[in-house]
Amino acid sequence: MSERILKPAALAYKNDPFLSSPDGRILRILSEYAEPLSRFRREQIQDTVVFFGSARFHNLPTAQKKLAELERSPQPAGEERDAERKRALAAVDMARYYEDARRLAFLLTEWSIQIPARRRRFVVTTGGGPGIMEAANLGAHEAGGKSIGLNINLPFEQNPNPYITPSLNFEFHYFFMRKFWFAYLAKALVIFPGGFGTIDELFEILTLAQTDKLAKKILVVIYGSEYWHRIMNFQAFVDAGTVSPEDLNLFKFVDTPEDAFTFLRDGLTEYHLGGPPKKEKEREVLPEIAKTRP
């Protein structure tokens, strides 16, 4: 009888069935912390400015083209046609926010890349997809700076936009790990008009700031007062006693890229470019990433 030979088992960290199983979930979660951290260190990213907003907005030429195509369409008049035209007209109107996000990201990046520092400061960061995300990554790219895209793996597939710096293009499975990285490096948030996801991100950061869970100042810019006042009555929170009057000072409404840039530049300079210098050893080893309260 021939001697039985047993092959070595797969190494645990090369065992794909295990890594993809419920038992391997903790390792997958840790990977979505450790792998981005290693890249941020390698790319010398110290902190970020995060842009949120609708993925559905187009640039102005694209929105105008879609409206013109609809107007030329032989589709008969009716409720469906009227609804399509209404959406197309709204897309042309909302395209201004795409152009404003692009301009603001350009101004911010043009300023930040001139800051004398060993690491890259206030790097434009988005969710990596289309719409406002694409606009912000595009603006940073046009200014000659790096930008980050924190994409999410979804069933209907959100592809990364082409303006993200390739070495800073991330893909997440877990929403909460993606949210972690949005907040962890951020020194400012810019909230453009958007839907449920945009509102979710806004209130998550406001809650952390309101409850004093952050050991750093995060500037919050809400862009487009006309849109946001139609969507939400912030003063109603105060009137109902559900938030304090001073909580409304946690954010600022702005309506032009230039006003937003001035507010961000002045605030980032005041809160994050002053103070005593870091020890040389700290500067060489770790990025100055966000801290939470003990």
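The values are calculated or read from the model by the stated rules, or taken from the named source; none is laboratory data. Source: prediction; values computed, not measured. Glycine also receives a Cβ, built like all others from the backbone with ideal geometry; neighbour counts cover every protein chain displayed. The accessibility values were calculated without ligands, DNA or RNA, using every heavy atom of the protein model including side chains. Shrake-Rupley method; radii C 1.70, N 1.55, O 1.52, S 1.80 Å.
Of (1) surrounded by 18 or more Cβ atoms within 10 Å (Cβ to Cβ); (2) in a loop (DSSP other than H, G, I, E, B); (3) of a type outside the set (Val, Ile, Thr), Pro8 satisfies all except one. Which?
Against the list (1) surrounded by 18 or more Cβ atoms within 10 Å (Cβ to Cβ); (2) in a loop (DSSP other than H, G, I, E, B); (3) of a type outside the set (Val, Ile, Thr), Pro8 comes up short only on (1).
In the stretch 212-240, which residues are in contact with an Asp or Glu (Cβ under 8 Å, 6 or more places away or on another chain) and open to solvent by less than 10 Å² (accessible area, probe 1.4 Å)? Let's see the steps before the verdict.
Keep residues of the stretch 212-240 that are in contact with an Asp or Glu (Cβ under 8 Å, 6 or more places away or on another chain), which gives 223-226, 237-238.
Listed by number, the residues that qualify are Tyr223, Gly224.
Condition first: within 24 Å of Ala34 (Cβ to Cβ) and crowded, with 21+ Cβ neighbours inside 10 Å. Now tell me which residues in the stretch 152-169 satisfy that.
Passing the criteria: Pro160, Ile164, Leu168.
All but one of (1) modelled with pLDDT under 95; (2) within 30 Å of Trp228 (Cβ to Cβ); (3) touching a Phe, Trp or Tyr at 6+ places or on another chain (Cβ under 7 Å) hold for Gly53; state the number of the condition that does not hold.
(1)
Going residue by residue through the stretch 185-200, is there one that turns out to be touching a strand residue (DSSP E or B) at 6+ places or on another chain (Cβ under 8 Å), among the acidic types (Asp, Glu) and either closer than 18 Å to Ile132 by Cα or open to solvent by 40 Å² or more (accessible area, probe 1.4 Å) (or both)?
No, the stretch 185-200 contains no residue that is touching a strand residue (DSSP E or B) at 6+ places or on another chain (Cβ under 8 Å), among the acidic types (Asp, Glu) and either closer than 18 Å to Ile132 by Cα or open to solvent by 40 Å² or more (accessible area, probe 1.4 Å) (or both).
Return the residues of the stretch 201-211 that are out of contact with any Phe, Trp or Tyr (no Cβ under 6 Å at 6 or more places or on another chain), of a type in the set (Asp, Glu) and buried (at least 17 other Cβ atoms within 10 Å of the Cβ); say none if nothing qualifies.
Answer for the stretch 201-211, where residues must be out of contact with any Phe, Trp or Tyr (no Cβ under 6 Å at 6 or more places or on another chain), of a type in the set (Asp, Glu) and buried (at least 17 other Cβ atoms within 10 Å of the Cβ): there is none.
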